[in-house]
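Notes follow once the structure below has been shown.
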Amino acid sequence: MRLWLLGLILVSGVASAAQSLYSMLASGDYRPPLSVMQQVEKDFQGVITEFEMEMQEGELVYKLELINPLANAITRFEYRASDGKLLKQKAAKVTADELSEVEATRFISAQHQTFSGLIAMATKDHNGFLTDAKLDHDLGISYLELKLLDDTGKYKLAFDVENLRQLPLLKWD
């Protein structure tokens, strides 16, 4: 019985956190993630491969990763969502764990696409707020995995960046 109650409390806490984030995003008191992504794409060489938002000390923060495959470098950024101010920037070499993302960046670069442009295409028919996006390459497909938040909660999308269409999400046990 105690485990059941604990589970109920945890689920309700997650649901209220999502609702709180939704309320914050719906208020519009922040810079849209796409505008921050476009600024990064303008100011830095490479392809954004990941975006996420999180609360840090009561403040909404955008985290982005940009890979420059020519320099074999990855740069991580943190921006304050309220005004788009750069909070942190850290550069490193690409690791073996990021090789699938490097493959996807090469494809996007060859197609003269941008992460922000792909996000805009993938979300154009959805009313939710983007909370996470990750570029990946698996099984010969370069795709975006996106998480959106609307008034009913969080949901995921997958977007094929080669064919510019939504992919069905596979589920298994």
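Summary table
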read-out: Counted residues, region 61-86 - those being within 18 Å of the chain's Cα centre (by Cα) and either among the acidic types (Asp, Glu) or part of a strand (DSSP E or B) (or both); value: 16
read-out: Condition met for THR49 (farther than 26 Å from SER20 by Cβ, within 16 Å of the chain's Cα centre (by Cα), not in a strand (DSSP E or B) and not charged (D, E, K, R)); value: no
read-out: Options LEU157, LEU139: the member that is open to solvent by 80 Å² or more (accessible area, probe 1.4 Å) and aliphatic (A, V, I, L, M); value: LEU139
read-out: Output for region 114-128, where each listed residue is modelled with pLDDT of 95 or more, in contact with a Phe, Trp or Tyr (Cβ under 9 Å, 6 or more places away or on another chain) and surrounded by fewer than 19 Cβ atoms within 10 Å (Cβ to Cβ); value: MET121
read-out: Single condition TYR30 does not satisfy, out of (1) assigned to a strand (DSSP E or B); (2) over 30 Å from PHE107 (Cα atoms); (3) among the aromatic types (Phe, Trp, Tyr); value: (1)
read-out: Residue match in region 9-23 (condition: modelled with pLDDT under 95 and on the phi > 0 side of the Ramachandran plot); value: no
read-out: Inter-residue pairs, beta-carbon under 8 Å, first aromatic (Phe, Trp, Tyr) and in region 57-74, second open to solvent by less than 10 Å² (accessible area, probe 1.4 Å) and at pLDDT below 95, 6+ apart; value: none
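This table checks each residue for (1) open to solvent by less than 10 Å² (accessible area, probe 1.4 Å); (2) among the polar types (S, T, N, Q).
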| residue | (1), (2) |
| --- | --- |
| VAL61 | yes, no |
| LEU66 | yes, no |
| ALA71 | no, no |
| PHE77 | yes, no |
| ALA81 | yes, no |
| LYS93 | no, no |
| SER100 | no, yes |
| GLU103 | no, no |
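The values are calculated or read from the model by the stated rules, or taken from the named source; none is laboratory data. This is a predicted model, so every value here is computed, not measured. Don't worry about glycine lacking a Cβ; one is built from the backbone with ideal geometry, like all the others, and counts go over all protein chains shown. Quick note on the areas: whole protein, heavy atoms, side chains included, nothing else; ligands and nucleic acids left out. Shrake-Rupley method; radii C 1.70, N 1.55, O 1.52, S 1.80 Å.
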